[in-house]
1. Percent relative contact order of the chain, based on C-alpha pairs within less than 8 angstrom and at least six residues apart?
2. According to the Cα gyration tensor, what semi-axes, each the square root of 5 times an eigenvalue, does the equivalent ellipsoid of the stretch 108-185 have, listed from largest to smallest in whole Å?
3. Counting other Cβ atoms within 10 Å of each Cβ, which GluC sites (Glu not before Pro) in the stretch 46-84 have at most 14 and sit in a DSSP loop?
4. Percent relative contact order of the stretch 65-193, based on C-alpha pairs within less than 8 angstrom and at least six residues apart?
5. Hey, any idea what the orientation-averaged projected area of the convex hull of the chain's Cα atoms comes to, in nm²?
6. On each of the three principal axes of the Cα atoms of the stretch 9-60, give max minus min coordinate, whole Å, ordered largest first.
7. Considering only DSSP beta bridges with both partners in the stretch 77-217, what is the antiparallel share in %, to the nearest 5?
8. Given the Cα-Cα distance of ASP122 and GLU51 and 0.36 nm per residue of separation, how much length would full extension add, in nm?
Amino acid sequence: MKIILLGAPGAGKGTVAKLLSEFDGSVQISTGDILRAAVREGTDLGKEAKEYMDRGDLVPDFLIMKIMEARLQGNDCEKGFILDGFPRTIPQAEELKILLEKLNINLDLAVNLNVPKDVILDRLTTRRTCSNPDCQAIYNIKSDPPAPGGKCKICGSPVTQRDDETEDAITNRLETYNEKTAPLIGFYQTEGLLKDFLSLSSKETVEEIKKSLKSKA
Ligand code: AP5
């Protein structure tokens, strides 16, 4: 599959992307994960991105496009990809369209995960992420708790909250989403690629996405 996952911070893009990649081996490409890895490794990109991320602002489009132009040409993308958190602005979506045409790649769907605001706020404050960079499993202290002692069920590392999970950063991320990312719903509707799902259960959403892909095949 070659799909884009749209949705507000905390809508469950990462959770749904992981389930979809387990299903058919399509690779999950999360710009958030790529940027957090760069911050951890202290690369030039990481140093530049950290300030924006900690505030809950978007990282400049030119930096993101540089990353994605290279990433989408990776051999592992041939099987398929799930774009999680990219594109995030109209200029990114326009540049992605040109890039995919150049690479001769057709998108199957752009899926919008629609989740009520109160549910999103609750999910963001209760999320925990495995601190092992090679694992990064996502948990939720209410809906999907880690092992006792706050340990990852997969690798046993401690689970932590992300640096952008402060109240101020969460508020800013949601405002930035409304202003810069929500317009992508209209963009992909015009492109004839949009599927909009009320996404309260990630498993049900995954089944809906599979059905939509089948009906397109
Ligand atoms: P990024 O990492 O993409 O963060 P985000 O979009 O804010 O999304 P999240 O990762 O917070 O949420 P999610 O939708 O993946 O939800 P999750 O599955 O974890 O980006 C971080 C930052 O990087 C940005 O702020 C920006 O600075 C920068 N950046 C990244 N991409 C960029 C780009 N393209 N351009 C510019 N800047 C960029 O789920 C959330 C919680 O809910 C978890 O605890 C989970 O267990 C729980 N949960 C999920 N689904 C369910 C469910 N169905 N029922 C109950 N609980 C659920």
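Nothing in this text is a laboratory measurement; each read-out follows from the coordinates by a stated rule. Given the structure is predicted, the values throughout are model-derived calculations rather than measurements. Every residue, glycine as well, gets a Cβ built from its backbone with ideal geometry; the counts of neighbours run over all protein chains shown.
1. Taking the mean separation of contacting Cα pairs over the length of the chain, I get 31 percent.
2. 26, 15, 12
3. GLU78
4. This gives 26 percent for the stretch 65-193.
5. Dividing the Cα hull surface by four gives the mean projection, 11.5 nm².
6. 35, 22, 16
7. 60
8. This chain segment gains 23.1 nm when fully extended.
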